[in-house]
Every structure is written in structure tokens, then in C-alpha cells.
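Structure record follows, encoded as C-alpha cells.
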Amino acid sequence: MNSEEKDSGASSVEQSAGKPEQSINLGVQPLDKVLEELGLKNHDLVAVSKDGLTHKQIQKGRKGRRLTRNIQDKIISALSFVTSKSYVRNDLFTYD
């Protein structure tokens, strides 16, 4: 890192990627409220998932850790199966 990069406070990763750094922690998500209201636990979604969903992935999603679209889709699929209701990404996550 040269002196200009040190002075600007930008990391070399940020500089090389050419886009601003995104926060990975975004606060409690609507997914958490939906599961609480329905009385569902993380395990309920893991048990019905045919996509290899894990307890850890659901917990990260509930607490606001940024998840990939693939993991979001797995959670949506499992929740829709359990509840027989159709959900979309914006119902459960406040980021995209």
C-alpha cells in the first residue's frame, strides 16, 4: 500500500475491486419476525429443506448477516414449504 492509500483509509481490496465496501451485518431481518410469529425454529426449516440448508445459515439470515441469493432462495423455499404460503425475497430480507 502506498502513502496515498494509507492516507485515504481505503483498503487495497476496496481499491482493486473498484466498488465501495458493503456492510455484511444489516440488523435483525423480517425473517426473524416471521419465524417468531409462526412459532417456527431454525430446525423446522432445516428438517424440510431438500437443498442442504443449515441451522447456521438460517441463524445468519435472522440476525442480519448478508446472505447470497442462493441461500436466501433456500430459506424462502423451505419456509414456503412449511407454511404452504408463497414468500418473496423482500418479505424476509431488507437488502438485495
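Read-outs throughout are calculated quantities, based only on the coordinates presented, and are distinct from any laboratory measurement. It should be emphasised that the depicted structure is a prediction, and the values quoted were computed from it without experimental measurement. Heads up, the Cβs are rebuilt from the backbone with ideal geometry, glycines too, and the neighbour counts pull from every protein chain shown.
At a 10 angstrom cut-off on C-beta neighbours, averaged per residue, how do the peptides 44-55, 66-77 rank from highest to lowest?
66-77, 44-55
Given LYS56/LYS85; LYS60/LYS85; LYS41/LYS74, which pairs have Cα atoms separated by over 19 Å?
In this structure, LYS56/LYS85; LYS60/LYS85 exceed 19 Å between Cα atoms.
List, in order, the whole-Hz ³J(HN,Hα) value for each residue of the range 70-81 obtained from phi through the Karplus relation with A = 6.51, B = -1.76, C = 1.60 and θ = phi - 60°; use x for Gly and Pro.
Ordered by residue, 3J(HN,Hα) equals 4, 5, 4, 5, 5, 5, 4, 4, 5, 5, 5, 5 Hz.
For ARG65, which sequence-distant residues (separation of 5 or more, or a different chain) have an amide H within less than 5 Å of its own amide H, given hydrogens modelled in the peptide plane?
Amide H neighbours of ARG65, under 5 Å, 5+ apart: LEU26.
Could you line up PHE93, PHE81 from fewest to most neighbouring Cβ atoms inside 10 Å?
Taking fewest neighbouring Cβ atoms as first place, the list is PHE81, PHE93.
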